1. Among the residues of region 108-130, what is the count of those that are at pLDDT 95 or above, part of a helix (DSSP H, G or I) and not hydroxyl-bearing (Ser, Thr, Tyr)?
2. Output the qualifying pairs, or none if there are none: Cβ atoms under 7 angstrom, residues six or more apart or on different chains, first residue in region 201-226 and without any contact (Cβ under 8 Å) to a residue 40 or more places away in the chain, second residue of a type in the set (D, E, K, R) and part of a loop (DSSP other than H, G, I, E, B).
3. Give me the pairs: first residue in region 156-173 and touching a residue at least 12 places away in the same chain (Cβ under 8 Å), second residue small (Gly, Ala, Ser), beta-carbon distance under 7 Å, and six or more apart or on different chains, which are they?
4. Could you give every pair whose Cβ atoms fall below 6 Å, whose first residue belongs to region 46-65 and is closer than 29 Å to VAL18 by Cβ, and whose second residue is charged (D, E, K, R) and modelled with pLDDT under 80, counting only separations of at least 6 or pairs across chains?
5. In the set GLU328, GLU361, which member is closer than 30 Å to PRO183 by Cα, modelled with pLDDT under 70 and either of a type outside the set (Phe, Trp, Tyr) or exposed (fewer than 10 other Cβ atoms within 10 Å of the Cβ) (or both)?
Amino acid sequence: MLEDVLHGTFEERAAEFVKKSKQDPEYALGIMLAISRMLKKRTELAKTDKDYMNPSTFSKYFKPIKKLLDMNGVPIVWNRIYATYPERNNNQKGRAYNIAEIRKTLEFSNGAIDRAIILIASSSSIRAGAFTLRWKDIQPVYKLDGKFTLNVTESEVKRAEIVCGVMNIYAETDSEHPAFITPEAYNAVMSYRSEWTREVGREPKDTEPIFKQEGDLPRMLAVDALRRRVARVLQAAGLRPPLPKGQKRHEVPAMNGFRRFFNKCAKDAVSEDSTLGELIKKEYMMGHTGLVKTDRNYYQSHLFELVREYLNIVPSLTVNNEERERLEKEKALQENQELHQEKTLMKDLAKDIREVKLQQERHQVINQQEKKDLLKKIADLESKLNKS
């Protein structure tokens, strides 16, 4: 773009631009504004036009020039340039996968590894970069005798129920946080563990990767390779048809579509918590800082409080139709039991209140009779005094 006003090789033009800009910052500002006007016209073209520019990429053209000028101490009022940027209002919003589409991806999954990846992605909301998990980073959450626990003894296993799985995301980093998966997803991971063991020829070590490359060596599956696996499944399931002319992205983002599915289920779920507490917990489960920057430190949710919140979402996140219906029935039964207990409690409270009122009334009657007896005694004493 600068070749129209500068001459020589790329390095010579860059040096000349910096030199002139130092001598006259308004010179550089004028060129930047001219470039901005030219690029802005491209954002106003039809999306089918070969010269069309998406407004979201607009700032990328200025970043290297800004760095060049900043590194050479050229003072530019960048706010004047930023003010000319087009509004980012023509991006495709996209949507989440729906439950039928996720079921279809499972039908076309290539082995236990694909099934585990898809079910983790759809039930935990973790990003593609968070799949660098090790076996020590995942464990089941049990419900035993009405309480949540991470550990059960051999004698307790039969009575304990796995209600979800918990994963340690970005372990040993500043971004470390827990994420949860459905029992369906946890079982898929355990099925893949059996396949992992057959391929390697032994049980995995805690420090070894969950998702590994093909073969008998436990080498971490790269994030790009994981994305390619998901892309192949989507292609096979018919969820990635050729894009219409002029359209650059599919309606549902390949990996982020699962994250959006989780977000929708979380928002639709009914919570027993306060509105603020519910929102903060759900944001936390998605790996967000929360409603305000201090939430992580200020609102320290206990793990099992998050589990309780997550269990409200589990039926909606479950993909298998029979399992989904079973969980929904269990949830409805539990809600009915809780409602019955609440009604019973209310009846007991009403009975207690009536008994307290009756006791008060009895005491009032007794007190009134005692008062009459006392007044009669006083009258008798006064009468005796008068006679004497």
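The values are calculated or read from the model by the stated rules, or taken from the named source; none is laboratory data. Keep in mind it's a predicted model, so treat the numbers as computed, not measured. Virtual Cβ from ideal backbone geometry, glycine too; neighbours counted across all protein chains shown.
1. Going through region 108-130 one residue at a time, the tally reaches 10.
2. GLY201/ASP216; LYS212/ARG219; GLN213/ARG219; PRO218/GLU208
3. GLY165/ALA185; MET167/SER124; MET167/ALA179; ILE169/ALA130; ILE169/ALA179; ILE169/GLY287; TYR170/ALA130
4. Partner pairs satisfying both residue conditions: PRO55/ARG88; SER56/ARG88.
5. Answer to the check: GLU328.
Listed here are the residues, each with its yes/no results for (1) surrounded by 13 or more Cβ atoms within 10 Å (Cβ to Cβ); (2) among the acidic types (Asp, Glu); (3) within 35 Å of the chain's Cα centre (by Cα).
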residue	(1), (2), (3)
PRO25	yes, no, no
GLY30	no, no, no
ASP49	no, yes, no
TYR61	yes, no, yes
LYS67	no, no, yes
ILE99	yes, no, yes
ARG103	yes, no, yes
